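> Quick one: the structure is below, and I'll ask about it shortly.
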Amino acid sequence: MKFADLHLHTNFSDGTFTPEELAGHAVRLGFAALALTDHDSVEGCAQMAELCKAAGITFISGAELTAEHDDVEIHLLGYLVDIQNRKLLTEIAKFQAVRQNRIREMVAKLNALNIPLEAESVFALANCKSPGRPHVARALVKAGLVANSDEAFGRFLKKNRPAWVPKAKMSAREGIELVHQAGGLAIMAHPGLNRTDDVIPAMVDAGLDGIECFHSKHSTMMSERYLEIADKYHLLITGGSDCHGFSKGKPLIGTIKLPYEHVEKLMSKAGSRRSRMENPQ
Ligand code: AMP
Ligand code: FE
Ligand code: FE
Ligand code: ZN
């Protein structure tokens, strides 16, 4: 049976694998399709597309956007977007700038706590336009200021800890619209982690296309619950490991094997959306 992993990160955001390394794992594990979903970035997609093509793997371009609705944080996966779409690239660049400023603010808070970390060491380690808290955590470990990333999050970086800085987010409606105008589909990522159940009807109303039912941190019960919700609202079903390479222990790629039929449904809906955009009635 053919299967896919539609939630993967590389070192273009907070994953540790290069696109080559990620493609190598996908080949080794026998994946027929994969999607790259770096945070606020589509930069790795062109390279990943080439690697997948050479390996005979179906590639789905994507990005993971952070949005909110009614104070609930929602991660939106934008699939099959045009990675050269002007508006998408402009918005992504804005959120990358937000991320870079946020690193400086987090470092300033750490410095105020007498933790002598330099923002430049975080940027050097991150070596990407979409730096995030995992990079701050790794820089703290590298500087010998904490024992491991868990300690960095637990002591400083988790929500409401002393070096945490909230991130400016787009509204979920804006996020869905941004993905749609770039020809893509908007999927709610790991609803079981963000506890977003109450806002699903509003998101469906805003044009949500699907829901990530299968995720490495979803229990079987959670997956079953989201499959029922997908059925109720006629949403597409997706799934992925959310692998960040070695950033959170053992790589998660291989833990979720989404049946390929869902990839076909995704591509079919994106195809009909695009032809409607090109030939409006
Ligand atoms: P950011 O986008 O900068 O807010 O960072 C979010 C990233 O940090 C996501 O990839 C999360 O998986 C990761 N993350 C969030 N909380 C923790 C935690 N307690 N320990 C390790 N990683 C975390
Ligand atoms: Fe991440
Ligand atoms: Fe996420
Ligand atoms: Zn993710």
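> Could you work out the longest stretch of the chain that avoids the trypsin sites (Lys or Arg not before Pro) located in DSSP loops with at most 11 other Cβ atoms within 10 Å? Kindly include the intermediate steps, with their values, before the conclusion.
On the way: sites that count: K159, R195.
In the chain, the maximal stretch lacking such sites is 1-158.
> May I ask what percent, to the nearest 5, of DSSP beta bridges between residues of the chain are antiparallel?
Details: 14 of 30 bridges.
Percentage antiparallel, nearest 5: 45.
> Follow-up question, since we're still on this one. Would you mind getting the Kirkwood hydrodynamic radius of segment 116-228 from its Cα pairs, rounded to one decimal in Å?
16.7
> Below 8 Å between Cα atoms, with a sequence gap of 6+, how large is the relative contact order for segment 51-158 in percent? List each step's numbers first, then the result.
On the way: 90 pairs, mean separation 16.3, N = 108.
Relative CO of segment 51-158 lands at 15 percent.
> Can you classify segment 160-205 as rounded, prolate or oblate using the Cα gyration tensor, where a ≥ b ≥ c are the square roots of its eigenvalues, rounded means a/c under 1.5, and otherwise it's prolate if a/b beats b/c and oblate if not?
Working: a/c = 2.53, a/b = 1.52, b/c = 1.67.
It comes out oblate by the Cα gyration axes.
> List, in order, the whole-Hz ³J(HN,Hα) value for each residue of segment 37-51 obtained from phi through the Karplus relation with A = 6.51, B = -1.76, C = 1.60 and θ = phi - 60°; use x for Gly and Pro.
Whole-Hz 3J(HN,Hα) from phi for segment 37-51: 10, 5, 5, 6, 7, 10, 5, x, 5, 4, 5, 5, 4, 4, 4.
> Let me know the Rg and Dmax you get for segment 22-95 when you use only its Cα atoms, in Å.
So, for segment 22-95, Rg and Dmax equal 13.7, 44 Å respectively.
> Would you kindly calculate the translational diffusion coefficient of segment 18-142, applying Stokes-Einstein with the Kirkwood radius from alpha carbon pairs, for 4 °C and a viscosity of 1.567 mPa s, and quote it in µm² s⁻¹ without decimals? All intermediate terms of the calculation are to be shown ahead of the outcome.
Numbers: Rh = 16.2 Å.
For these conditions, the coefficient is 80 µm²/s.
> Now for a separate question. Rolling a 1.4 angstrom probe over the protein chains, ignoring ligands and nucleic acids, what is the accessible area of S272 in square angstrom, nearest 10?
In the full protein context, S272 sits at about 50 Å².
> What percent does the relative contact order of the chain come to when contacts are Cα pairs within less than 8 Å and at least six residues apart? Walk me through the numbers before you get to the answer.
Values: 537 pairs, mean separation 65.4, N = 281.
This gives 23 percent for the chain.
> Also: From largest accessible area down, sort H218, H234; use a 1.4 Å probe on the protein chains.
Accessible-area ranking of H218, H234, largest first: H234, H218.
> Give me the Kirkwood hydrodynamic radius of the chain in Å, from all C-alpha pairs, to one decimal place? Can you show the working numbers first?
Working: mean 1/r = 0.0523 Å⁻¹.
By the Kirkwood definition, the hydrodynamic radius is 19.1 Å.
> Right, here's the next one. Looking at segment 2-136, what % of its DSSP beta bridges pair antiparallel, to the nearest 5?
Numbers: 8 of 14 bridges.
For segment 2-136, the DSSP antiparallel bridge percentage is about 55.
> Using a 1.4 Å probe and ignoring any ligands, DNA or RNA, find the accessible area of S268 and quote it in Å² to the nearest 10.
Accessible area, nearest 10 Å²: 80 Å².
> Sorting M222, M1, M203 by accessible area (1.4 Å probe), largest first, what list results? Let's see the in-between values first.
Values: M222 60, M1 180, M203 0 Å².
Heavy-atom accessible area, descending, gives M1, M222, M203.
The values are calculated or read from the model by the stated rules, or taken from the named source; none is laboratory data. Note that the structure is predicted; figures quoted are calculated from it, not measured. Cβ atoms come from the backbone with ideal geometry, glycine included; neighbour counts cover every protein chain shown. Ligands, DNA and RNA are excluded from the accessible area calculation, which covers all protein heavy atoms including side chains. Shrake-Rupley method; radii C 1.70, N 1.55, O 1.52, S 1.80 Å.
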